[in-house]
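Below you'll find the structure, written out as structure tokens, and then a few comments.
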Amino acid sequence: MQSTLHYLEKLVAFPTVSRDSNLALAGGVNAILSPEQTISLSKWGLMAPDGRCKTFDARANGFVRSEGCGVVVLKRLADALADGDTVWAVIRGSAVNQDGHSTAMTAPNGLAQQEVVRRALANARVAPQEISYIEAHGTGTSLGDPIEVESLAAVLGAPGPDAPPIALASVKTNLGHLEAAAGLAVSMGGTRLGLAVEPENQPALALYRALGFRRHLDLDPVDVWTWIDEAGVEHEERDRCSYWSQPCAGRGVG
């Protein structure tokens, strides 16, 4: 789904001379209609027994399946302003890649993750140190979450001495994993990014208590990350944000 958003963004932002596309809709839906997949995922030990997605937390013990749908509307900024639309966020650039070789279906390739984030930043012409908030994939697993944070830390590094700390969150702690529509959920997290730049709309990382994997990181996340419910970053300091998604051993989108 998020790769669809990536390509639709290119279609609208870089149209042919005839302006064939002035508006694009990117939508997704997930409905759980039978129990078989839930049973299989439970047998694999991938689902949280308590039904709570605790992304980046010491208590993280699996993801939570969920149902939902949503649609985002893409227009050129100039057209949206001319039409009097409410502009929640501006997409400066995006990137997509394939995860490549990984040790298991549920183990993402950290180097591939780093590559797609770097490409997205380059396409957006945004320096890593300008990013102040990341809407992460964050499924709430003890394997995938540390790899994701380590990959982001490797690309973004520590903020400068006068820069605000980077805030990190995942909408899956609020909605669960929408699976077929998970890219849209992260894109709705992208919508949440648009809301998050307003001081009164700073979304918390739900269920978070204590970081669960500091020992796995080359960079101490205390120096790199903070959390939305503790950040208190002012509006002007959170105007460049990023979101990204990584399916199981599949495509990465930033």
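Can you say whether V72 is surrounded by 13 or more Cβ atoms within 10 Å (Cβ to Cβ) and within 30 Å of N22 (Cα to Cα), as far as the supplied structure shows?
yes
Taking the condition of being assigned to a loop (DSSP other than H, G, I, E, B) and touching an Asp or Glu at 6+ places or on another chain (Cβ under 8 Å), how many residues in segment 27-65 meet it?
Restricting attention to segment 27-65, the residues satisfying the condition of being assigned to a loop (DSSP other than H, G, I, E, B) are 31-35, 44-46, 48-56, 58-62, 64.
Okay, now just the ones that are also touching an Asp or Glu at 6+ places or on another chain (Cβ under 8 Å), so 31-32, 55-56, 60-61.
Selection size over segment 27-65: 6.
Bear in mind these aren't lab numbers, they're just calculated from the coordinates by the rules spelled out. Keep in mind it's a predicted model, so treat the numbers as computed, not measured. Using ideal geometry, Cβ is built from the backbone for each residue, glycine included, and neighbour counts are taken over all protein chains shown.
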